[in-house]
Amino acid sequence: MIPEGWTNTRFGNAFAKRIERGKLGLPTMSVTINDGLVFRESIDRKMDTTLIAEEHLLVQKGDIAYNMMRMWQGASGLATADALVSPAYIVLRPTTEIDPLFAAYLFKHPRTIYLFWAYSHGMTEDRLRLYFDDFSLIPVCLPPLPEQRRIAEILSTWDRAIETVEALIANASAQKKALMQSLLTGKRRLTGFAGEWKRTPLGELGHISSAGVDKKLVEGETAIRLLNFLDVYNREFIFDSDLRQVVTAPATKVRQCDVRKGDVFFTPSSETRNDIALAAVAAENMPGVVYSYHVVRFRPAKTLDFGFSVYLFQTDAFRFQAARLGDGGGQRYVISQPNFRKMEVDVPPMAEQKAIGAILKNQSDSIWQLQSQLSALRQEKSALMQQLLIGKRRVTVDLEEKTC
């Protein structure tokens, strides 16, 4: 059923195809799935191009560009300035039937992305292409322009709120990192503490073990929950309630690979040197849990506060050692157990460990609260988009109206 006042049309009526060649002096832009059309300098991983400016396409402010090979994934974005894009892109110039910002949001709606996929050509996903002639045939139901602009305005308000919280997270994370580098190196001492710090190899500080449990279900073995690579990669502290994956293991493995409060788990391998030996700490004893063969367990034999230890392994000094001691190349780097044992940390007396850990935990909690707020905003915006862009929820175009 068509919402009252909305019009059935096709994208070919809402957009013209811009085919102008690039001009010298303009920056280059690329489409990302999450962030839309962005300047290439802001992308961490990008492929170099040998194309000259005139071999690119011109995109002007208010245009929408999409990647022909990835449009089925939602790879499109609104241009915020005049720029260049690759010849692999289609540049769309909105007509008077559609508001550019409304269109940018509409292109991220799940139904629209499904239609991009349905109208693309290719036998496999890696060969799918959405050419303009096919894009122009896609049916779309559009509200009147004033309603389009109001919808875009509402969604933009949510985006600004999201950007504000993202900036707060970035600032809080930078403050935490600065605190870690000063407190965990002894350069800054907390008031009332003056004991000596001791530099100690991990091999002398505790026991390192790997050879954990595989992801499998074998009849006759004990059912057990698994602490896996991503449980370490995505957390600082691991709680029993976080772990839900069930596998099986022999009774001897269950005993050998148990998880106790204060155990530190490392990711021993990664695709880059800078991403190995990330750490997370077991915040409690976890009966019925074993660790995966994809992680390494460090169990302190000497006194080490678990609230302090997780941050101890996040310092620049420790990360540098991990990058230097990682073996491999190309697509995989690994730290061996002997190299783990060589890695050194500076450890203060227990009372100072606890005080430092408490300060840094407060920082982590503040960041976690902001991240929860960010997640809620994104979910609320997504739900609002689902309703507004199909007319399930209508808006008023009266400028004095404050809500939709």
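The values are calculated or read from the model by the stated rules, or taken from the named source; none is laboratory data. The model shown is predicted, which means the values in this text are computed figures rather than measured ones. Glycine also receives a Cβ, built like all others from the backbone with ideal geometry; neighbour counts cover every protein chain displayed. Accessible surface is based on the protein model in full, side chains and every heavy atom, while ligands, DNA and RNA are left aside. Shrake-Rupley method; radii C 1.70, N 1.55, O 1.52, S 1.80 Å.
The table below lists the values:
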| quantity | calculated |
| --- | --- |
| Flag for residue 10 being among the basic types (Lys, Arg) and touching a Pro at 6+ places or on another chain (Cβ under 6 Å) | yes |
| Residue in region 208-229 that is assigned to a helix (DSSP H, G or I) and out of contact with any strand residue (DSSP E or B) (no Cβ under 8 Å at 6 or more places or on another chain) present | no |
| Single condition residue 204 does not satisfy, out of (1) in contact with a helix residue (DSSP H, G or I) (Cβ under 9 Å, 6 or more places away or on another chain); (2) surrounded by 14 or more Cβ atoms within 10 Å (Cβ to Cβ) | (2) |
| Residue within region 365-380 that is over 25 Å from residue 155 (Cβ atoms) and in contact with a helix residue (DSSP H, G or I) (Cβ under 9 Å, 6 or more places away or on another chain) present | yes |
| Cross-chain or 6+ apart pairs with Cβ under 8 Å, region 111-129 first and within 22 Å of residue 382 (Cβ to Cβ) and open to solvent by 50 Å² or more (accessible area, probe 1.4 Å), then of a type in the set (A, V, I, L, M) and not in a helix (DSSP H, G or I) | 111/390; 117/128 |
| Hits in region 246-269 (condition: closer than 30 Å to residue 327 by Cα, surrounded by fewer than 19 Cβ atoms within 10 Å (Cβ to Cβ) and of a type in the set (S, T, N, Q)) | 256 |
| Which listed residue, of 222, 185, 272, is surrounded by fewer than 21 Cβ atoms within 10 Å (Cβ to Cβ), at pLDDT below 90 and farther than 19 Å from residue 308 by Cα | 272 |
| Among (1) within 16 Å of residue 343 (Cα to Cα); (2) of a type outside the set (Phe, Trp, Tyr); (3) open to solvent by 10 Å² or more (accessible area, probe 1.4 Å); (4) assigned to a loop (DSSP other than H, G, I, E, B), the one test that residue 297 misses | (4) |
| In region 48-84, the residues that are touching a Gly at 6+ places or on another chain (Cβ under 8 Å), open to solvent by less than 40 Å² (accessible area, probe 1.4 Å) and either more than 13 Å from residue 104 (Cα to Cα) or part of a loop (DSSP other than H, G, I, E, B) (or both) | 53, 56, 57, 58, 79, 84 |
| Evaluation of residue 155 against (1) open to solvent by 40 Å² or more (accessible area, probe 1.4 Å); (2) in contact (Cβ under 8 Å) with a residue 40 or more places away in the chain (one fails), failing number | (1) |
| Residue list for region 329-370, filter: in a loop (DSSP other than H, G, I, E, B) and open to solvent by 20 Å² or more (accessible area, probe 1.4 Å) | 330, 331, 336, 349 |
| Output for region 102-119, where each listed residue is under 14 Å from residue 142 (Cα atoms) and either in a loop (DSSP other than H, G, I, E, B) or touching a His at 6+ places or on another chain (Cβ under 6 Å) (or both) | 107, 109 |
| Residue in region 91-103 that is more than 28 Å from residue 393 (Cβ to Cβ) and either open to solvent by 60 Å² or more (accessible area, probe 1.4 Å) or in contact (Cβ under 8 Å) with a residue 24 or more places away in the chain (or both) present | yes |
